[in-house]
Amino acid sequence: MSNFEAKKEITSKINYNSKHSFKVVRTRKEKSQTKSCITFRSCADIEDEELSYCVPFNSSISAKAYELANNSNGVDNTEVSLKDVSAGLPDFIEEWNRNKFRKVGYGLTGLTLASSLNTFMIFEEHTILFTAGLGFYWVVGLRDMKQKSQTIRRNFPVLGNARYLLEMIRPEIRQYFVEADNEKGVPYDRNNRAIAYQRSKGITATMAFGSRRDADAIGYEWINHSLYPSTLVAQDQRVLVGGNNPECTQPYSSSLLNISAMSFGALSGRAILALSAGAKLGGFSHNTGEGGISEYHKEGKADIVWNIGTAYFGCGKFSEGGVRVFDPEMFVENVKHAKMVEIKLSQGAKPAHGGMLPKEKISPDIAKARNLDYPCQEDCHSPSKHNAFSNPFELCEFIQKLRTLSNGKPIGMKLCIGQPEEFCDLVKAFVETGIHPDFITVDGGEGGTGAAPPEFSNSVGTPLAEGLSFVHAVLVGVGLRDPQDKSRSKITLIASGKVLTGMSMFRTFALGADVCNAARSFLFSLGCIQALKCATNTCPTGITTQDPALSWGLDPSYKQVRVANFQRETVNACVELMEATSIESWAKIQPRHVTRRVGLGVSKHYVEIWDHLQVEKGDLLQLKGPESLLKIWKSSYDISSLASKITAKALR
């Protein structure tokens, strides 16, 4: 018998509408040999010493399954505050695991046998009841560990069912005793989480008996529909990034909704693999985050957007002074795996603040992706700024350098707007040099992260609506964006910041975006329960942890389908809103299409709320336009003066 035939095959089924299913075959190695890295490949490539999966996306089964789915203040204070708002599991359940389940089961079994033999009353009523309870314990626990659709049950057999039992009666308890479903003060309210869960499972997200929102409340928003709706095909709504820049010879056709930057290290390998595989299934892109391109990204075979941060993970090395610097040769080696490259200047959750990964969390796979020595002797820190450039002109040169090294792939940058004059400096450099990025990702200050100082998460960075509309207005003012037909723009705008529903996508497009990115929304499709334990390495759903015992419960072969489902249904919802407004494309969504209530009996269009959106193409170059925008533009550096200062500094 061959090695492959000698292996034990374990098959599982994923059911769609109780009619369709497909197989996932995996192999199991000796218990004494554990391996946290999971690879997806064809059955013929499986070796004895590996733990591998024959997964759908590497076969025709994947496409069929997806098609079927288409149819259907101190430490103590911090801990207390987290517990108050956490949606996680009770401590006694989190201390429970599969080994404890077995030990308790063996102990109870022995106790039952000893009691029966000692009393010789095997058929006594209490003995029968105890034995039945013990049997129920084993059946439920083993079933929980075998199933793959629910990570909590898989990681916490028997006791993990408490979450789902309590969730069943939650609506009644919440309705009478606790709080409203749309209560503010948490990252995502219950209504939004429910939408994400339903769409990821292929369940139609419908609402009965009308809206739960207060239409008279300040901040209430609605779309201005047309009497003559249009008809659109969601799959045709794509954005060609770099298509209007002759120097970009490999433009990328992007989906309207993609996975935002989340690093391997912040997320487990299995989570990265599920996201990447789901993006491959759904035909959208996956941003690596600043942690570099890992083997999990490659195995998933998604369209990769390579995020390059201040530590240059995957394209940098340590200099003699111990500082990480950009390495062109390493960049060329890894850029072949990416469709686009994104230079990270800042992020919304912690702008102007570097990242840190504790050395205890750095596994061999993480070290390889980040080009670090293993084992690591110290924590992995990312500086707060780049050393490859220090001013707008050098940034333009770096963009051109990456474009050349990548053979013409789209090169962009990501930032959260802080001081608006500094962004105007960047745009003036674009105009002066003739070098500009193919895309700009605008991150809102409400964006999420695994760990950040509360002051930065709560109080630093411009929210997405203000930041995005400002960036769009400035680029329109210098002629790099077209306000009437955004598909003709020279720079594509990507936006991220609590995008979860079709409405949140539509309003983001109305503010000037061409593409939406989402991070936490996709984590909900993986099974995230908003436990708020991302920084503790004890994420109960195995998403933001490097603990193999917890990440084991997340099965990528199941979760990839949910990732694809969520993206597809959300984009479809947004396209339906486009049809309601009688527009033919995302590029024609205007600020006038969305209205917000700003006072009692007073409502305004977006273009009236943010008057800088009234700028006409090329206005700023002629020192014209809305006064609020023109004031910021004039207060930034004079471009010729800035250039002369930089030249003089270089000569010194």
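Yes/no matrix, rows are residues, columns are (1) hydrophobic (A, V, I, L, M, F, W, C); (2) modelled with pLDDT of 85 or more:
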position: Glu95; (1), (2): no, no
position: Lys100; (1), (2): no, yes
position: Thr112; (1), (2): no, no
position: Asn118; (1), (2): no, no
position: Phe123; (1), (2): yes, no
position: Thr127; (1), (2): no, no
position: Phe130; (1), (2): yes, no
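Mind checking which residues of the range 412-423 are over 20 Å from the mean Cα position of the chain (by Cα) and either within 16 Å of Lys339 (Cβ to Cβ) or not hydrophobic (A, V, I, L, M, F, W, C) (or both)?
Gly418, Gln419, Pro420, Glu421, Glu422 - these are the residues of the range 412-423 that are over 20 Å from the mean Cα position of the chain (by Cα) and either within 16 Å of Lys339 (Cβ to Cβ) or not hydrophobic (A, V, I, L, M, F, W, C) (or both).
Being in contact with a Pro (Cβ under 9 Å, 6 or more places away or on another chain), over 26 Å from Ser285 (Cβ atoms) and outside the structural domain of Pro454 (by TED's automatic domain parsing): is that true of Pro383 here?
Spelling it out, it is not the case that Pro383 is in contact with a Pro (Cβ under 9 Å, 6 or more places away or on another chain), over 26 Å from Ser285 (Cβ atoms) and outside the structural domain of Pro454 (by TED's automatic domain parsing).
Determine, yes or no, whether Leu267 is out of contact with any strand residue (DSSP E or B) (no Cβ under 7 Å at 6 or more places or on another chain) and on the phi < 0 side of the Ramachandran plot.
In short, yes.
Which of (1) outside any strand (DSSP E or B); (2) β-branched (Val, Ile, Thr); (3) at pLDDT 95 or above is the odd one out, the single condition Ile304 does not satisfy?
Just one mismatch for Ile304, condition (1).
For every residue, the table says whether it meets (1) among the small types (Gly, Ala, Ser); (2) touching a strand residue (DSSP E or B) at 6+ places or on another chain (Cβ under 7 Å).
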position	(1), (2)
Asp485	no, no
Met505	no, yes
Ala513	yes, yes
Ser521	yes, no
Ile543	no, yes
Thr570	no, yes
Ala573	yes, no
Lys588	no, no
Pro591	no, yes
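Which of the strands (runs of 3 or more DSSP E) found entirely inside the range 201-292 contain at least 1 residues meeting this: farther than 21 Å from Asn334 by Cα?
Fully inside the range 201-292 and qualifying: 221-223, 239-241, 257-259.
Report, ordered by the first and then the second residue, all pairs with beta carbons closer than 9 Å, sequence separation of six or more or different chains, a first member in the range 538-554 that is outside the structural domain of Thr449 (by TED's automatic domain parsing) and charged (D, E, K, R), and a second member that is assigned to a loop (DSSP other than H, G, I, E, B) and modelled with pLDDT of 90 or more.
Matching pairs, first to second residue: Asp547/Ser268; Asp547/Cys539.
Have a look at Pro246, Pro229 and point out the one that is exposed (fewer than 13 other Cβ atoms within 10 Å of the Cβ) and on the phi < 0 side of the Ramachandran plot.
Within the list Pro246, Pro229, the selection yields Pro246.
Tell me which residues, restricted to the range 226-259, are among the small types (Gly, Ala, Ser), farther than 23 Å from Ile399 by Cβ and under 23 Å from the mean Cα position of the chain (by Cα).
Ala234, Ser255
Can you name the number of the only condition in (1) surrounded by fewer than 24 Cβ atoms within 10 Å (Cβ to Cβ); (2) under 30 Å from Val431 (Cα atoms) that Ala261 fails?
(1)
Scanning for something touching a strand residue (DSSP E or B) at 6+ places or on another chain (Cβ under 6 Å) and assigned to a loop (DSSP other than H, G, I, E, B), does the range 389-405 turn up at least one residue?
no
Please go through the range 188-200 and give me each residue that is in a helix (DSSP H, G or I) and either loosely packed, with under 12 Cβ neighbours inside 10 Å or of a type outside the set (Phe, Trp, Tyr) (or both), ordered by number.
Arg190, Asn191, Asn192, Arg193, Ala194, Ile195, Ala196, Gln198, Arg199, Ser200, listed by residue number.
Determine, yes or no, whether Leu372 is of a type in the set (A, V, I, L, M, F, W, C) and either part of a helix (DSSP H, G or I) or in contact with a Gly (Cβ under 7 Å, 6 or more places away or on another chain) (or both).
Judged against the criteria, Leu372 is not a match.
The values are calculated or read from the model by the stated rules, or taken from the named source; none is laboratory data. None of these values were measured; they are calculated from a predicted model. A quick note on method: Cβ atoms are made from the backbone with ideal geometry, for glycine too, and the neighbour counts reach across all protein chains shown.
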